[in-house]
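Note sheet for the following structure.
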2 protein chains.
Amino acid sequence: MFIHHVYFWLTNTGSEEDKGKLIEGLNKLSKVNTIKKSYIGVPADTNRDVIERSYSISWLLFFDNPADQDSYQTDPTHLKFIQECSMLWKKVVVYDSVDV
Amino acid sequence: MFIHHVYFWLTNTGSEEDKGKLIEGLNKLSKVNTIKKSYIGVPADTNRDVIERSYSISWLLFFDNPADQDSYQTDPTHLKFIQECSMLWKKVVVYDSVDV
């Protein structure tokens, strides 16, 4: 199991229009066939000191193995997503993890 | 769907013993009955500028709804976990998200 979790901060913070465009792009991106499961999220209402909630979109992907995630990175659908949507975000933070 | 993703940084960075203790604690914690699915992970081998890989353990939980996550926070098993294991980490970062 390979878990790829990406958090996006929008260039236009708080823009519902840009958030919608990014979600639309991610929905298309979710069709990449090495992706086992995908989840698009927004920050929950929880609010404690340890909670990071300044991002706009959470993009959580499950792959069967590291090779499938490598393949996703260079998949034409992914490259097209980056080309079409990368202007929408100013920052991404990625956490990649594998099961123990 | 409520996704609760916690990243732990060990007090004794790189201690395999403490990492093992934390994993043992998380395995017990995973029995809380509001948890729908749980995943314990370690950083993958991927390494790009946008990837955060300085943490030691990834703890990803799925709940059916925000109320179940609230209940988890005060579940006796969770409180016991914090009591028994909190000395093992020096930092946690939490990302809570809900589906759009």
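Right, B:ILE3: crowded, with 19+ Cβ neighbours inside 10 Å and among the β-branched types (Val, Ile, Thr) or not? Spell out how you get there, then give the answer.
Values: crowded, with 19+ Cβ neighbours inside 10 Å: yes; among the β-branched types (Val, Ile, Thr): yes.
Spelling it out, B:ILE3 is indeed crowded, with 19+ Cβ neighbours inside 10 Å and among the β-branched types (Val, Ile, Thr).
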If B:TYR72 meets every condition in (1) under 12 Å from the mean Cα position of the chain (by Cα); (2) surrounded by 14 or more Cβ atoms within 10 Å (Cβ to Cβ) apart from one, which number is that one? (1)
Check every one of the helices (runs of 4 or more DSSP H) wholly within chain B and list those with 3 or more residues that are more than 30 Å from A:TYR72 (Cα to Cα), of a type in the set (Asp, Glu) and modelled with pLDDT of 95 or more. B:16-29
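Which residue is farthest from the chain's Cα centre (by Cα), if the candidates are limited to region B:29-46 and must be farther than 14 Å from A:HIS5 by Cα and within 12 Å of another protein chain (Cβ to nearest Cβ)?
If we filter region B:29-46 for residues that are farther than 14 Å from A:HIS5 by Cα, which is where we start, we get B:29-38, B:45.
When the remaining residues are screened for being within 12 Å of another protein chain (Cβ to nearest Cβ), the result is B:37-38, B:45.
On the way: B:LYS37: 12, B:SER38: 9, B:ASP45: 20 Å.
Ranking the qualifying residues of region B:29-46, first place goes to B:ASP45.
Looking only at region B:85-95, count how many residues are touching a residue at least 40 places away in the same chain (Cβ under 8 Å), more than 17 Å from A:GLU52 (Cα to Cα) and exposed (fewer than 15 other Cβ atoms within 10 Å of the Cβ).
Here is the first cut: in region B:85-95, the ones touching a residue at least 40 places away in the same chain (Cβ under 8 Å) are B:85, B:87-95.
Going one step further and asking which of them are more than 17 Å from A:GLU52 (Cα to Cα), we end up with B:85, B:87-89.
Going one step further and asking which of them are exposed (fewer than 15 other Cβ atoms within 10 Å of the Cβ), we end up with B:87.
Residues meeting the conditions: 1.
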Quick one: is B:THR77 in contact with a Lys or Arg (Cβ under 8 Å, 6 or more places away or on another chain) and surrounded by 13 or more Cβ atoms within 10 Å (Cβ to Cβ)? yes
By residue number, the members of region B:47-68 that are closer than 23 Å to B:TRP9 by Cβ, more than 10 Å from chain A (Cβ to nearest Cβ) and exposed (fewer than 15 other Cβ atoms within 10 Å of the Cβ) are B:SER54
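The values are calculated or read from the model by the stated rules, or taken from the named source; none is laboratory data. Keep in mind that this is a model prediction, so the values were computed, not measured. Backbone-built Cβ (ideal geometry, glycine too); neighbour counts: all protein chains shown.
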